[in-house]
Amino acid sequence: MADALGASGAAEVAEVAGAAPGAVAGARRGGGLPFDGAIGVPIGVPIDVPKRNRAVEGLRGYGLIVAMWVRSTMTYRTSFFLSAFGNAAIQLLDFVAIWIMFSHVHALGGFTLPEIALLYGSSSISLGIADLVLGNTHRVGARIRDGSLDTMLVRPVPVLAQVAADRFALRRVGRTGQGLAVLVWAVVALDVDWTAAKVLLMPVMIVAGAAIFGAVLVAGAAFQFVAGDAAEVQNSFTYGGNTMLQYPPTVFAADLLRGVTFIVPLAFVNWLPALYVLGRPYPLELPGWVAFLSPLVAVVVFVPASLAWRAGLRSYRSTGS
């Protein structure tokens, strides 16, 4: 095989066989074969790689890694339940602060407490799902710096699936659980004419909102290939965006609303669908049917996010250590 591929090609094959990342990085700098991080193998190396759908392989690999971490977590069940409960309790303090504020005011931006609870609960559930599934992508910057990303590149599983599933934190279900509790209370307390469209829009809003947050997480992870350590930038759009969406859009300036509607479309996470459910107009005077565009927006934002991730992964040149 060394005769067929040359010294650098042999080094790439050695990487697949388990060679040290530093040795492989040196081979790459010496003119090795191009590396396809999307499927986790060097391009051109004659190894038996099944030509299956990458998305299916990614989901399968993700599921196997997640199952491993879940089994590890459930080994200490008491610790897990205490961690999940603590996570939910800490997140719930945000809503307690809102509740206390409403003991002194009757409305905020024209919205009552149950209406804000609807915004709070839907946003918290969407972020909780995205954070549970893709939250570990914020570790990409650290993996780039310490060179541990190299070990993921040589495995026959898409790197994004490995990064997202690594150290899967099941305790994060606490955020989703407390958001669901607040949302259920809001639905019971609200005086809303529940039509079929509004009932259907509720689960669609949550799932599409999770997908939009997921796209933001992937885009933030891709940016770390350029910035090196941009986890806080990523968090400002996810956790910061979640905090913003917990409050009514009427308390924010019009320029900010335009930005989160047409540039980083966080308004489609819950503002636009929830305002349709509540029978309230959107401050930018958009037509009512835009409330149903959240699934389409989720698909649209995932395309550039996935392309940015692939571009960042292909530009990666290892630390050489």
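A few remarks follow.
- Neighbours of residue 84, meaning other residues whose beta-carbon lies under 12 angstrom from its beta-carbon, give a summed charge of +4 when Lys and Arg score +1 and Asp and Glu score -1.
- Pairs of Cα atoms farther than 14 Å apart, region 66-112, %: 66 percent
- Among 150, 255, 166, the sequence by solvent-accessible area, most first, with a 1.4 Å probe is 255, 166, 150.
- Order by protection proxy (mean Cβ within 10 Å, highest first), peptides 89-97, 193-201, 140-148: 140-148, 89-97, 193-201
- Taking the convex hull of the alpha carbon positions in region 42-156 and averaging its projected area over all directions gives 12.0 nm².
- Inter-label distance for residue 263 and residue 226, nm, one decimal - labels placed 7 Å from Cα along Cα-to-Cβ: 1.5 nm
- Probe 1.4 Å, all protein chains present, accessible-area order of 138, 106, largest first: 106, 138
- Reference-scaled alpha-carbon Rg (2.2 N^0.38 Å with N residues) for region 234-321: 1.35
- Calculated diffusion of region 173-321, Stokes-Einstein form, Kirkwood radius summed over Cα pairs, 10 °C and 1.306 mPa s, µm²/s: 95 µm²/s
The values are calculated or read from the model by the stated rules, or taken from the named source; none is laboratory data. Quick caveat, the model's predicted, so the values are computed rather than measured. Quick reminder, even Gly has a Cβ in these numbers, built from the backbone with ideal geometry, and neighbours come from all protein chains shown. Just so you know, the surface numbers come from the protein's heavy atoms only, side chains and all, with ligands and any DNA or RNA stripped out. Shrake-Rupley method; radii C 1.70, N 1.55, O 1.52, S 1.80 Å.
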